[in-house]
1. Among the candidates 127, 123, 153, which residue alone is assigned to a helix (DSSP H, G or I) and at pLDDT below 90?
2. Tally time: how many residues in segment 26-44 are farther than 20 Å from residue 116 by Cα and at pLDDT 75 or above?
3. Could you give me the residue pairs with C-beta distances under 9 Å whose first residue belongs to segment 155-178 and is closer than 17 Å to residue 200 by Cβ and among the polar types (S, T, N, Q), whose second residue is crowded, with 21+ Cβ neighbours inside 10 Å and modelled with pLDDT of 85 or more wherever it lies, and which are 6+ apart or on separate chains?
4. When residue 141 is evaluated against the numbered criteria (1) in contact with a Phe, Trp or Tyr (Cβ under 7 Å, 6 or more places away or on another chain); (2) modelled with pLDDT of 85 or more, which criterion, by number, is the only one it fails?
5. Consider segment 101-114. How many of its residues are open to solvent by less than 50 Å² (accessible area, probe 1.4 Å), outside any helix (DSSP H, G or I) and of a type in the set (S, T, N, Q)?
6. Please tell me if residue 168 is in a helix (DSSP H, G or I), open to solvent by less than 50 Å² (accessible area, probe 1.4 Å), modelled with pLDDT of 80 or more and not aromatic (Phe, Trp, Tyr).
Amino acid sequence: MEKEFRLEWRQRYALNGMLLYIVSTVFVCFLSFSLRRNQLTPMVWNALFWIILLFTAINAIAKSFVQERAGRLLYYYTLASPQQIIISKILYNTILMVVLAGLGFSFYTLVMGNQVQDLPLFLANLLLGSVGFAASLTLVAGIASKAENSATLMAVLSFPVVLPLLLMLIRVSKNALDGLDRSVSLDEIGTLLAIDAIVLALSWMLFPYLWRS
């Protein structure tokens, strides 16, 4: 994981590009709804936020294995186990997603207004979403890196993996926007925790077979 941080610090243009993507996308949404504020309902506000965060996650995590050359991967093979490799990348991508999600939410509420009534529930949901996006997309990026057209393959593979997670995140955040009792969201939060745990377990068990290939 330390290597990932050092590499990202040396190539700060990638992080700056993701921040620019968030800022520009939120600003475009603001321009689109600035003249029609009555149309920015909580449902639209919620959908726009998660769409922005989803594409930010894909752009941020897609390069997890694509930027690794074959010689460097062979060198890693002699230093660490496959489980250590995948867990370190998931941890790094989780931290990256938490930072991007926090900055994105802060700028989004600053520009589009804050319609969240239960902020602790929304932030907890945001944390679970960051972990889920990081774990699932990291594993998909590792699978896609073995193909020639990895970008297209990742887009195809990530859709069925991320869709159930995204639906649960939207439901919980909608409850937080409406200020509903937290007991209403317990089933969805349990499902989110189960999805995160399943993806982490699958990454731990399946990545060694992918790594040997």
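The values are calculated or read from the model by the stated rules, or taken from the named source; none is laboratory data. In this text, all values refer to a predicted model and were calculated from it rather than measured experimentally. So basically every Cβ, Gly included, is an ideal-geometry build from the backbone, and we count neighbours across all protein chains shown. These area figures cover heavy atoms from the full protein model, side chains too; ligands, DNA and RNA do not enter into them. Shrake-Rupley method; radii C 1.70, N 1.55, O 1.52, S 1.80 Å.
1. 153
2. 3
3. Pairs found: 158/136; 158/137.
4. Status for residue 141: all satisfied but (2).
5. Number of matching residues: 0.
6. The answer is yes for residue 168.
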